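Remarks on the structure that follows.
FYI, it's all coordinate maths here, none of it is from the lab. Treat the numbers as computed from the prediction; the structure is a model and nothing was measured. Here the Cβ is made from the backbone with ideal geometry for all residues, glycine too, and neighbour counts use every protein chain on show.
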Amino acid sequence: MSHPASVQTGDRSAHVAAAEGALLRADELVAGYFPGVNILDGTDLHCREGELVGIIGPNGAGKSTLLKALFGLVKIRSGTVRLRGEDITGLRADQLVRQGVGFVPQTNNVFPSLTIEENLQMGAYQSPARFKERFEAVTDLFPALGARRAQRAGSLSGGERQMVAMGRALMMDPSVLLLDEPSAGLSPVMQDEVFLRTRQINRAGVSVVMVEQNARRCLQICDRAYVLDQGRNAYTGTGRELASDPKVTELYLGTLAKV
């Protein structure tokens with residue numbers, strides 16, 4: 001039995017209606033790295049308070065570019081990004097952090113020569129007076145970071161570095177956290193840990209938008225998800241709807257599930 005609740009490309013009216021009152025909202029984003037070459041070609045997205053939203057799709061679909069555009073790291077040529085209804089299109093990353101948007105890049109996401117504690121201090125550089133309070137909150141979520149606070153980040157495993165990067169992004173107490181392929185390159189055990197921690201962060205009250213190549217696992221933990229293809233929304237729906245949609249399975253999950 002098919003699940004028609006998954007919405008296909010072109011149904012912008014559904015997006016506009018569903019996005020009303022969203023915490024974070026992107027409308028018809030067109031963006032790219034080089035003049036005349038668009039990676040995003042009219043992409044829509046919204047995330048509500050307390051939601052965990054996944055973004056899946058084939059390589060080159062524009063998933064990471066979408067997160068970078070939301071975080072001011074890729075020039076948006078047209079379209080808008082709004083946070084709590086306020087236009088934040090094209091703001092610098094430091095301005096977005098101040099407004100409550102956190103971002104964890106896929107690579108080069110820790111300072112290897114600094115200790116875990118110093119990495120977390122860097123996360124709170126805009127509000128150093130809150131460091132102690134936020135350090136306690138973050139190490140409640142990631143107890144190992146507190147226990148190993150004096151260890152240099154460069155000596156950590158890939159999965160442990162990912163925890164440091166996520167912890168650092170939480171130091172400014174963001175309302176929404178953008179995660180770019182947090183499980184990439186990790187062992188299966190550490191992938192499980194990352195997904196567990198992501199859900200834990202979300203349940204602690206932080207809205208999450210997560211790009212993931214491990215599509216099936218992403219759909220298992222997210223509330224809603226988008227399938228991007230060639231810079232546009234191909235499908236959207238709840239994680240369960242997309243995971244059981246025959247067309248999504250045929251076109252995307254067969255190739256993405258084991259990546």
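Odds and ends about this structure:
- Segment 31-89 versus segment 157-231: alpha-carbon centroid distance in Å: 17
- Spacing of the two label points (7 Å from each Cα toward its C-beta) at R98 and K132, in nm: 2.6
- Adding -39500 (n - 2.57) for every DSSP H run of four residues or longer, then dividing by how many residues the chain holds, sets the calculated 222 nm ellipticity at -9500 deg cm²/dmol.
- In plain terms, the chain from E250 to S155 could stretch by 30.0 nm, reckoned as 0.36 nm per residue minus the Cα-Cα distance.
- Sorting 31-37, 156-162, 16-22, 226-232 by average packing, meaning the other beta carbons within 10 Å per residue, from highest down gives 226-232, 156-162, 16-22, 31-37.
- Amide H contacts of G50: S207, each under 5 Å away and 5 or more positions distant or on a separate chain (H built 1.01 Å from N in the peptide plane; Pro and chain starts excluded).
- Distant-in-sequence amide contacts of F103, defined by a placed amide H-H separation under 5 Å and a gap of 5 or more residues or a different chain, comprise L178.
- In plain terms, the residue of H15, H46 with the fewest other Cβ atoms within 10 Å comes first and the most crowded comes last, giving H15, H46.
- From the coordinates shown, P(r) over Cα pairs in 10 Å bins from 0, in percent corresponds to which of (1) 6, 25, 28, 20, 12, 6, 2, 0; (2) 6, 26, 32, 18, 7, 5, 4, 2, 0; (3) 7, 32, 36, 20, 5, 0: (3)
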